[in-house]
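Structure, as C-alpha cells:
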Amino acid sequence: MLSLPSVMRSHRLPIKPSRVIPVLVGCAVCAIVFTCAGGFVVYTNTQHLIETRNWLDGSHAILTSLQTESQRLDRVSYGMQLYEATGDEAEKRGAQTAAVAMHTGVLNLESLLQDNPTQIRNVQELDAKVQELYQVVDGFERPGKIPEGHIQDCRRIINAVQEEERGLLRRRSDESQDSRDRSLLSGAGFLGFSLFVVIALFAFLLKDAVRQRSFEKQISLANDQLEATIEELERRGAEAILLKEARDELQLCVTAKEAQECAVRHFRELVPGSSGATLIINNSRSMLEVVASWNDPSALSEGFDMDACCGLRAGRLRWRKPGQSELHCIHFIGSAPDNYVCIPLAAQGDTLGFVYLSFPTQEIADVAASRMALVQEMVELASMAIAGLNLRAKLESQSIRDGLTSLFNRHFMEIALEREVQRAIRRHTSLAVLMLDVDHFKAFNDTFGHEAGDVVLRKVADCFQQTVRSEDVVCRYGGEEFVILLPEISEELALAKANMIRRHVSGLRMKFKGEALRPITVSIGMAMFPAPARDGTDLLRMADHALYDAKRNGRDCVVVARENFNGQGEKELSASAKQVLALGESKPVIV
C-alpha cells in the first residue's frame, strides 16, 4: 500500500515563475495605503455626523422638555382659575402639583443645557420664578388675585429659551446636512477610485488567467486523482482499524452474550442508519431468538422457527432487494421491509444463528453494499468468538458440574470449601457443612433399577436447590452422597435448615414409568467452623463421622459433630430456628 507522502510526490507538478506576483504586491501596497486614507476620511466624517446627530438629539430633547414645562404652566394657570371660580381644593392641589413638576423639569433642563452658559442663566432665572410661583400658589386663598404676573414671567423665560434652542437646532441641522454631503462626496470619490483599481487589476489578472488555464486544468486533474487515492487509503485504513478493534474487543469477551453485544456495536458502526439484530439458535435447537439488536428492528419477530429464514435455509448470505429475490423470509411481525440481508453465523462446522440487517433507505443500502465484504468479515469474527466462548462455557460447566444432577461436583466443592473457610476467618463468621446420604439407596437401586435411582437423585438434588439460600453451595460428593456449604450461619439456624431439608426430602413422592416409588429419606451429618472444626479438612471429616452416627442412630435424622449432642438432631432450638423449621413444614412437597 502506498503511503500518503509518496502518492503526493508522484502527482506533484512543476510550478512556473510568473510576473503576476510583483505586480500584485505593488497593487496591494497602493490599495492598502489608499484604503487607509479613505478609511480615515470616512471615520472622521462619521464621527462628525455622530456628534452632530447627538447635538440634534439634545436640542430635540430640550425643546420637548420646554414644551412640557409650558404645558405644566398652563395647568397651573388653569387650575388657579378653576379654584378661583369654584373654590374646589382639588384644583388648587392640582396647580401645586404642576408647579412642583415644573421645578423638577427645570432641574432636568439644567442637566441638558450644561454646555450652554447663556441658556443656563435663563434656566436658573426660570427656576427662581417657578419657586416664587409655587409659594404664591401655595399661599393663595379665595377671594384673591390670580398670580398672572408670575405666570407671564415664567412663560416669557420659557419662550426665550425655546427661541434660543430653535436657533441652535437650525444651525446644527445645517451642519449635519453639510457633513452628510461631504461624506457622500468622499464615498463617491473613494468608490470611483476603487472601481478604477479593480478594473485595472481585473484586466491584468484576466490576461494572466488565460495563460494559466491549461496549467490549472492539469493541477485540478492531479488533485482529483490524489483526493480519490487518499479517500481510498483512508477508507481501507478505517476498515482495518475497525476490524482490529472488533477482534480485540471480541478477544476480551468472557461470555457469548458479551460477544454478541460487541458484534452488534460494530455492525452499527459499519452500516450507519441501518437496524438489525443477532439471532442465536436456542439450547433445544428448535427456534431462533433475538439476543442483541441495534436501532430497534421492530419488524423482526423475537423468536421463530429455524426454517423461517431463507438465509439459513440456503446456508449463505441472502440479500432481499426490490425487483430481485422477491421471496420474503417469514420471521417478521406484520409487513416485511423491502430491503434487508440475512447472513448465517457458522463456525467449527456448526450453525449458531444469523445476523439480520435492514435498510430504511436506498442510500443506506448502497453504503451497506459497498461495505458488505467488511460486514461478512465481521460476521466471521463474531461467529468464531461466539463459538469459542460457547465451547469454553460448556467445558467449564462440565469441569465443575455433575452430569446427572447438574449440581457442583466434588472438585468444585473442595475449591468452594477452602474459599468459604478463608472468608469466614476474614469476616469472623461461622460456616456449616452438611453431608447428606440417601438412605438405603443400594437396596432402592436393586429393587427399582438404576434408571429409577437416577430419577431419585435428580429429584433430591432439585429439592436441595429449592430449599437452600442463593449463597449456599450444593454439591454431589459421590454416589448418593451430597455436601451443602452454609456460609455465615449460626449452629442453631444450620440445624434448623438441615431438619428442613430432611423433612422436605421425606415428603417427596415420585413415580417412575407410572409406578409409584417408595418414600425417600436422608441422613445428615453437620459440622461447624471455627469450632469444633479447625479447618476445611476437619469440617469434612467431622461431618462424615456425624453422618455415620446418623445412620447408626436409625437414619432420617440430623447429627451434629459435637460432644454434648445426643445424636438425634432434636436439641432445643431458638425462636429463629423454630421459625425456619416452621417455614420448612409449610413448604409445598416437591414431586
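Overview of results
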item	result
Pick from the range 103-147, criterion touching a Ser or Thr at 6+ places or on another chain (Cβ under 8 Å) and part of a helix (DSSP H, G or I), ranking: surrounded by the most Cβ atoms within 10 Å (Cβ to Cβ)	Leu109
Filter result (of a type in the set (Phe, Trp, Tyr) and surrounded by fewer than 17 Cβ atoms within 10 Å (Cβ to Cβ)) within the range 49-102	Tyr78
The range 399-438: number of residues that are buried (at least 17 other Cβ atoms within 10 Å of the Cβ), part of a loop (DSSP other than H, G, I, E, B) and more than 44 Å from the chain's Cα centre (by Cα)	4
Pro322, sole failed condition from (1) touching a residue at least 24 places away in the same chain (Cβ under 8 Å); (2) over 23 Å from Glu380 (Cα atoms)	(1)
Which listed residue is surrounded by 11 or more Cβ atoms within 10 Å (Cβ to Cβ) and within 30 Å of Arg72 (Cα to Cα), from Arg211, Arg166	Arg166
Answer from Arg320, Arg313, Arg265 - the residue that is crowded, with 18+ Cβ neighbours inside 10 Å and in the same structural domain as Gly388 (by TED's automatic domain parsing)	Arg320
Qualifying position, being loosely packed, with under 12 Cβ neighbours inside 10 Å and without any contact (Cβ under 8 Å) to a residue 60 or more places away in the chain, among Ala240, Ala203	Ala203
Within the range 478-514, tally of residues that are under 17 Å from Leu540 (Cβ atoms) and crowded, with 22+ Cβ neighbours inside 10 Å	7
Leu185 being hydrophobic (A, V, I, L, M, F, W, C), modelled with pLDDT of 75 or more and within 16 Å of His60 (Cα to Cα)	no
Every residue from the range 264-296 that is out of contact with any Cys (no Cβ under 8 Å at 6 or more places or on another chain) and more than 30 Å from Gly237 (Cα to Cα)	Ile280, Ile281, Asn282, Asn283, Ser284, Arg285, Ser286, Met287, Glu289, Val290, Val291
Strands (runs of 3 or more DSSP E) wholly inside the range 253-320 containing at least 3 residues that are under 26 Å from the mean Cα position of the chain (by Cα) and modelled with pLDDT of 85 or more	275-281, 287-294
Index of the failed condition, Ala365 passing every other in (1) in contact (Cβ under 8 Å) with a residue 40 or more places away in the chain; (2) over 16 Å from Ala385 (Cα atoms); (3) touching a helix residue (DSSP H, G or I) at 6+ places or on another chain (Cβ under 8 Å)	(3)
Filtered residue count, the range 334-351, keeping only those that are farther than 20 Å from Leu374 by Cα and either among the aliphatic types (A, V, I, L, M) or in contact with a helix residue (DSSP H, G or I) (Cβ under 8 Å, 6 or more places away or on another chain) (or both)	4
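The values are calculated or read from the model by the stated rules, or taken from the named source; none is laboratory data. Owing to the predicted nature of the structure, the values given are computational and were not obtained by experimental measurement. Note: ideal-geometry Cβ built from the backbone for every residue, glycine included; neighbour counts use all protein chains shown.
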